[in-house]
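Written out below as C-alpha cells is the structure these notes cover.
Just so you know, all these numbers are worked out from the coordinates, no wet-lab data involved. In this text, all values refer to a predicted model and were calculated from it rather than measured experimentally. When we count neighbours, we look across all protein chains shown, and the Cβ atoms used for this are built from the backbone with ideal geometry, even at glycine.
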Amino acid sequence: MRIVLLGAPGSGKGTQSKLLIEKYKIPQISTGDLLRAAVAAGTELGKKAKAAMDAGQLVSDDVVLGMIQERLGKPDARAGFILDGFPRNIPQAQALDAMLARMAQPLQLALLVDVDTEVLMKRLTGRRTCSNASCGAIYNIYFSPPRSPGKCDKCGSALSHRSDDNENTVRSRLKVYDEQTAPLVSYYKAQGKLRTVRGTGSVSEIFKNVTDIIEVQMRPLAAAMSAASAAAAKVGGTASKAAKAAAKKTAAAAKPAAKPAAKPAAKKPAPAKKAAAKKKPAAKPKKATKPKKAAKKAAPKKAKKSVRKTAPKAKKKK
Ligand SMILES: [Zn+2]
C-alpha cells in the first residue's frame, strides 16, 4: 500500500508509522533521512542537495522527488511505502502524483492522524526529560507525571524542559503545521484518498482504527471475493444472497474513498456480484482487469527510463 501520512507534531503519527512498518513490511520514507543518506553517499542528487544546502538554499523539489523515486525503486518498497514529511504543499503533492503516475504506482491513501490543538499543546509543552543522559526517561506533566514533581522516577535525576517545548514556540509550530496541512487535506479529500483517524486514546486503539481504514481502503475487492466464495462454498442456494450482501457491504465501505479517481473501482463490485455468486471469483473482473494488467506491466519499465532521462533535462532548462 502506498500511503502519505499527515499529522501534527505530537499527533503520534511517528508511533503509528512504526507499527505500520512492522505489520505490513513496508518502509517509511522520510525525506530528511533520504537527504542525509544521499549527501553522505555522494550520489548525483546528493551532490545537488549538498550544493543547495551549502549555499543556504532549500533543496529543490526536483531533487527531493528524484531521491524519493530512487528510493521507491528499491526492492523493499515493492509492496508499498509510507511517506512522512513530504509533500508539504500543493505543488509538491502534484509533483509527487505526477511522478507516481509515471511509475504506475499512484497513492492509495492519505492518512491524517487528527488531534485537537489543545491536546497537542499539552503533549508538547508537558514533555519533561530526565537530565541524566544514560537514563533519558520521558514524562509528561499532564499525562504521565513523575511521582515527585521534577524528579525522575527511575534514577532520581532532575527533569528538564526543552526550550523549544515552551508554549509560544509550540503554538507557532502548530500554526505553521495547520497552514501547511490544511490545503493538503483538501487536496487529498478531493481525490477521495483522505481518511482521518482520531489520534487520541491508547496507541493500540489508534492503531486498530488505522489498520481498519487500511483494510477497507486496500482490500474491498479481495474481501468481497473471499466472502462470496466462502458463501458459495457453503450452500449453493443461499450463496447468491450472501455474496450480494457481502459485495454490497464492501462496495459501500469503499465508496467514500473512491470519489473521483477510483470511480470505476467503486462500480466494480456490481459486476462482481453476479459472477462471484455464479462461479469462482477469479472469473469476475475479466473485463476490468485485462487492460489494467497490461498497462501495469508495460508502464513501470518504460516510465522509469523515460523519467530518468527527461527529468534532469527539464530541470536544466528551467
Ligand atoms: Zn532518570
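Residues whose amide H comes within less than 5 Å of that of Lys151, counting only those at least five positions distant or on another chain, are Leu159 (H built at 1.01 Å from N in the peptide plane).
Mind checking region 128-163 for chymotrypsin sites (Phe, Trp or Tyr not before Pro) that DSSP puts in a loop (not H, G, I, E or B) and that have at most 11 other Cβ atoms within 10 Å? Counting only loop positions with at most 11 other Cβ atoms within 10 Å, the chymotrypsin sites (Phe, Trp or Tyr not before Pro) in region 128-163 are Phe143. Given R0 = 41 Å, the distance between the Cβ atoms of Ala40 and Ser160 translates into a calculated FRET efficiency of 0.85.
Listed by Cβ neighbour count within 10 Å, with the fewest neighbours leading, Met67, Met53, Met99 appear as Met53, Met99, Met67. In this structure, the amide hydrogen of Ile29, modeled 1.01 Å from its nitrogen in the peptide plane, lies closer than 5 angstrom to those of Ile82, Leu83, Asp84, counting only residues at least 5 positions away or on a different chain.
Spatially, region 30-49 and region 143-211 are offset by 28 Å when compared through their Cα centroids. Once both labels are positioned 7 Å from their Cα atoms along Cα-to-Cβ, the gap between Ala98 and Thr196 label points is 3.0 nm.
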